Amino acid sequence: MTTAYPRLTFVATFILLIGIFAAAHTLFNLTLSKYPQAGVLAINTSGNPPAMQRESDCTYSQVYFEDDGKTQRAATAAEKRQNQMDRQRCLDGLAEVRAEVKRTDISVSALFLFVGLGLLLTPRYFKK
């Protein structure tokens with residue numbers, strides 16, 4: 001099959017393949033119990049792994065001291081309540097990041113599929 005627009009066909013096929021990859025990766029990520037924090041098309045150019053937060057990062061022990069600054073003491077009820085609120089805020093922030101990445105991955109996958117298919121079908125409507 002010869003096309004009148006080989007460059008457009010190449011670009012459209014490339015974009016469509018990116019969309020198919022992103023959609024497949026997104027569908028796989030949706031089957032996981034916890035959606036990853038990195039997007040399906042995230043490109044890491046630094047060579048270092050990206051720093052991502054985990055649930056275990058939200059649980060850290062606080063140490064409380066007496067007024068002298070040397071003797072450890074147990075946390076008061078207010079301090080325990082504040083620690084629980086801080087932990088919950090951290091977990092909620094993590095869930096919000098994952099939800100945002102999930103929405104972005106779905107949107108990006110749909111965009112690449114739509115644009116790729118649109119560019120492949122465009123020459124049919126603009127033939128001379």
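The values are calculated or read from the model by the stated rules, or taken from the named source; none is laboratory data. Fair warning: this is a prediction, and the values are worked out from it, not measured in the lab. Neighbour counts run over all protein chains shown; Cβ positions are idealised from the backbone, glycine included.
A few comments on the model shown:
- Residues in the range 63-75 that are loosely packed, with under 12 Cβ neighbours inside 10 Å and in contact (Cβ under 8 Å) with a residue 12 or more places away in the chain: Y64 only.
- Among (1) loosely packed, with under 10 Cβ neighbours inside 10 Å; (2) under 21 Å from I15 (Cβ atoms); (3) in contact (Cβ under 8 Å) with a residue 12 or more places away in the chain, the one test that Y125 misses: (3)
- Pairs linking a residue in the range 40-52 that is over 27 Å from A23 (Cβ atoms) to a residue that is assigned to a loop (DSSP other than H, G, I, E, B) and of a type in the set (K, R), with Cβ atoms under 8 Å and 6 or more positions apart or on different chains, do not occur.
- Residue in the range 33-54 that is surrounded by 14 or more Cβ atoms within 10 Å (Cβ to Cβ), part of a helix (DSSP H, G or I) and either out of contact with any strand residue (DSSP E or B) (no Cβ under 7 Å at 6 or more places or on another chain) or at pLDDT below 90 (or both) present: no
- Candidate set: the range 55-71, residues that are more than 14 Å from L94 (Cβ to Cβ) and not hydroxyl-bearing (S, T, Y); chosen: the one modelled with the lowest pLDDT: G69
- L117 vs. criteria under 13 Å from the mean Cα position of the chain (by Cα), closer than 26 Å to R7 by Cα and in contact (Cβ under 8 Å) with a residue 60 or more places away in the chain: no
- Which numbered condition Y60 fails, given (1) closer than 30 Å to K34 by Cβ; (2) in contact with a helix residue (DSSP H, G or I) (Cβ under 9 Å, 6 or more places away or on another chain); (3) touching a residue at least 12 places away in the same chain (Cβ under 8 Å): (3)
- Condition check for F14: modelled with pLDDT of 85 or more, under 15 Å from the mean Cα position of the chain (by Cα), aromatic (F, W, Y) and not in a loop (DSSP other than H, G, I, E, B): no
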